[in-house]
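Each remark here refers to the structure printed beneath this line.
The values are calculated or read from the model by the stated rules, or taken from the named source; none is laboratory data. Quantities reported herein were computed from a predicted structural model and do not represent experimental measurements. Cβ placement follows ideal geometry from the backbone for every residue including glycine, while neighbour counts extend to all protein chains displayed. Note: accessible area is taken over every heavy atom of the protein model, side chains too, but ligands, DNA and RNA are not part of it. Shrake-Rupley method; radii C 1.70, N 1.55, O 1.52, S 1.80 Å.
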Amino acid sequence: MQAKHKVIFDTDPGVDDAMALYFAMAHPEIDVIAVTTTFGNVTVQQATTNALYLTRIAGSDIPVAQGAAVPMNKTPGQPPAFIHGADGLGNLPSRVDAGGQAQELSAAEYIVKMARAYPGEITLVAVAPLGNLGLALRLEPNLPKLLKKVVLMGGTVLEPGNVSPVAEANIWNDPDSADLVFTAGWDLAIVGLDVTHRVWMTSAYFKDLAAKKKHLALDTLSHAVNFYCDFYSSIRPELGHACFCHDVLAFVYLVKPELFKTKTGRVRVATEGIGNGQTMMDRHGGIPYPQAGWEATRPQTVVCMEVDTAATLKLIDDTLSGDWLKPSLTA
Ligand code: BDR
Ligand code: CA
């Protein structure tokens, strides 16, 4: 059997972040050794509260480290409460006392500490604005060599953006950190809107799963997904009461890269102006552009361009339906 992927999960939970976290915890080939949090869908404090809550109610004591509260340079905006709820989990009517406390180290410090402790072993899966990775790179410039690889949910190449005609939310929230990440030189893959807009799931699926499993973690997820689907069905009514599974696809790529068609090339991020947050990819390759910033020596990124939707949905279902939850805390 394939050795487990040792993963640090960098996240801003967030409804699809919660789906991704549970997929990762449920998948037999993934070992989530830490969760690091950042602002994005919610404030960083709320993201930490949610990461602790989601892991603890599912019966896990995975370490959680709190990270970036604001973007590296950009003026911070307001979290999108209309998409994820003011609490990031669809405005849960109540929460049990699930316990748990964040680490004393910041997310960036924690990432560096773990990367040094397990050189070449850790995959960083980041599904949020990239401030923690940017800060970690400043603390340890050798980080790209210490991590095994980085998989990001973020950006878009051909698909229209979701916060502007050209920008995806995670990159747009902190474009300066994102451009640092794209030029740092790690083994980097991005799973962006080109593929995440091809995979959606209904609120009815999560409701059925929760009914079958009778577990607080899945009741919580189903509540959150229902709220998220209210938003997506208002802008994409043709999908039904459904939502895109953005962040989950980063883990799907990690365990089954063969479900994706990819292209490799240099990717940069626009950090100013009307195109702020746009991920620009050199799709031709080999052209000696005269423009500074596109030198042939710049690091390359693997970009997911197409996905096998049916196989992805089956993998998500098989994984979440497995026997992975510890006994439930009661509501
Ligand atoms: C990304 O933005 C966030 O709102 C989601 O959690 C996901 O990480 C999708 O653009
Ligand atoms: Ca996210």
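Table for the structure above
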quantity: Residues of region 181-221 that turn out to be open to solvent by 20 Å² or more (accessible area, probe 1.4 Å), hydroxyl-bearing (S, T, Y) and within 16 Å of ligand 1 (Cβ to nearest atom), as a count; calculated: 0
quantity: Single residue of region 311-330 satisfying the filter (in a helix (DSSP H, G or I) and open to solvent by 70 Å² or more (accessible area, probe 1.4 Å)) that is nearest to T156 (Cα to Cα); calculated: K314
quantity: Strands (runs of 3 or more DSSP E) fully within region 1-99 counting 1 or more residues that are surrounded by 16 or more Cβ atoms within 10 Å (Cβ to Cβ) and within 16 Å of ligand 1 (Cβ to nearest atom); calculated: 5-11, 30-37
quantity: Count of residues meeting criterion [crowded, with 24+ Cβ neighbours inside 10 Å, assigned to a loop (DSSP other than H, G, I, E, B) and among the polar types (S, T, N, Q)] in region 164-180; calculated: 0
quantity: Residues that are assigned to a helix (DSSP H, G or I) and either of a type in the set (S, T, N, Q) or open to solvent by 10 Å² or more (accessible area, probe 1.4 Å) (or both), drawn from region 142-163; calculated: P144, K145, L146
quantity: Test: residue in region 242-265 that is of a type in the set (S, T, Y) and farther than 20 Å from A126 by Cα; calculated: no
quantity: Within region 41-73, considering residues that are polar (S, T, N, Q) and under 15 Å from the mean Cα position of the chain (by Cα), the one farthest from V96 (Cα to Cα); calculated: N41
quantity: Among the candidates G273, G293, G277, G285, residue that is buried (at least 20 other Cβ atoms within 10 Å of the Cβ) and at positive phi; calculated: G277
quantity: Segments classed as strands (runs of 3 or more DSSP E), wholly inside region 208-310, with at least 2 members that are over 20 Å from N50 (Cβ atoms); calculated: 260-265, 267-269, 279-281, 301-307
quantity: Residue count for region 240-266, restricted to those that are open to solvent by less than 30 Å² (accessible area, probe 1.4 Å) and within 16 Å of the chain's Cα centre (by Cα); calculated: 12
quantity: Subset of region 108-141 [within 16 Å of ligand 2 (Cβ to nearest atom) and either open to solvent by 10 Å² or more (accessible area, probe 1.4 Å) or of a type in the set (S, T, N, Q) (or both)]; calculated: N132
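A quick yes/no check of all residues on (1) within 12 Å of ligand 2 (Cβ to nearest atom); (2) of a type in the set (A, V, I, L, M, F, W, C):
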site	(1), (2)
T11	yes, no
D16	yes, no
F23	no, yes
H27	no, no
I30	no, yes
A34	no, yes
I57	no, yes
S60	no, no
A69	no, yes
